[in-house]
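The values are calculated or read from the model by the stated rules, or taken from the named source; none is laboratory data. Just so you know, these numbers come straight off a predicted model, no measurement behind them. When we count neighbours, we look across all protein chains shown, and the Cβ atoms used for this are built from the backbone with ideal geometry, even at glycine. What goes into the accessible areas is simple: the full protein's heavy atoms, side chains included, and nothing from ligands, DNA or RNA. Shrake-Rupley method; radii C 1.70, N 1.55, O 1.52, S 1.80 Å.
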Amino acid sequence: MAEAKNSNNKINADARVSFGKGAARKLRVLGKIPAVIYGHGTDPVHVALPAHEIGLLLRRANAVLELNVEGTTHLTLVKDVQKDPVRQIIEHLDLIVIRKGEKVQVEVAVHVTGEPAPGTTADLDAKTLLLEVEATNIPQSVSVDVEGLEDGSLIHASEITLPAGASLISDPEMVVVGVHLPAEEEEEEETVEGEEAPAEEAAAE
């Protein structure tokens, strides 16, 4: 099952006419983030967004933003977030124009639920799946239930239940979750098996 989906987030944005590092620095001092909107053959639209509101919204993956730029509405999907590598402050956003009913390809997080068989652990081998979904109905995550699965169990991408309207783009045979005994227990079992072999050979002689 998929978790809560993205909703449209309405943001008032200012048109941006000054460019360059100096202009971007001034915007950040004013609590704004420079961004550009593009796609669908339209001319790029340069805007300034409120930093605090955007910071909160970007805590959700694949955020959809409904921007009001001087009376014109732009429905957009966050495509790229550029951050300062040291301070982790958002420096710039790339936003692509989307339309209701349109499908887009996005990486969606995988969330593991349940507990595997006693003594085993479930390893998440693929943290995301590439899905094709409706641009205005992007799931925050897909869930994988490992309840009671035994050592050696594997869950492939094709076995995961996707939300309605979503299609799998990732390799269907990709292993998403593997269940196994902890490494130490596996080593102990191998050691015990190795020690038993000479004893059996001696008895045979």
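Compared with the direct C-alpha span, the chain from residue 125 to residue 29 gains 30.4 nm at full extension, assuming 0.36 nm per residue. Would you please state which residues of segment 116-137 a label at residue 10 would reach in this model, taking the label point 7 Å out along Cα→Cβ and a backbone N cut-off of under 19 Å? Hits in segment 116-137 for residue 10 at 19 Å: 136-137. At an R0 of 25 angstrom, the distance between the Cβ atoms of residue 80 and residue 112 translates into a FRET efficiency of 0.35. Annotation: amide H-H contacts under 5 Å for residue 98 (H modelled 1.01 Å from N, sequence separation of 5 or more, or interchain): 75, 76, 77.
Solvent-accessible area per residue in segment 27-164 equals 52 Å², computed with a 1.4 angstrom probe and all protein chains kept.
Using the Cβ-Cβ distance between residue 42 and residue 174 with R0 = 30 Å, the FRET efficiency computed as 1/(1 + (r/R0)^6) comes to roughly 0.25. Stretched out straight at 0.36 nm per residue, the stretch from residue 103 to residue 87 would grow longer than its current Cα-Cα span by 2.3 nm. FRET efficiency for the pair residue 158 and residue 96, taken as 1/(1 + (r/R0)^6) with r the Cβ-Cβ distance and R0 = 25 Å, rounds to 0.30.
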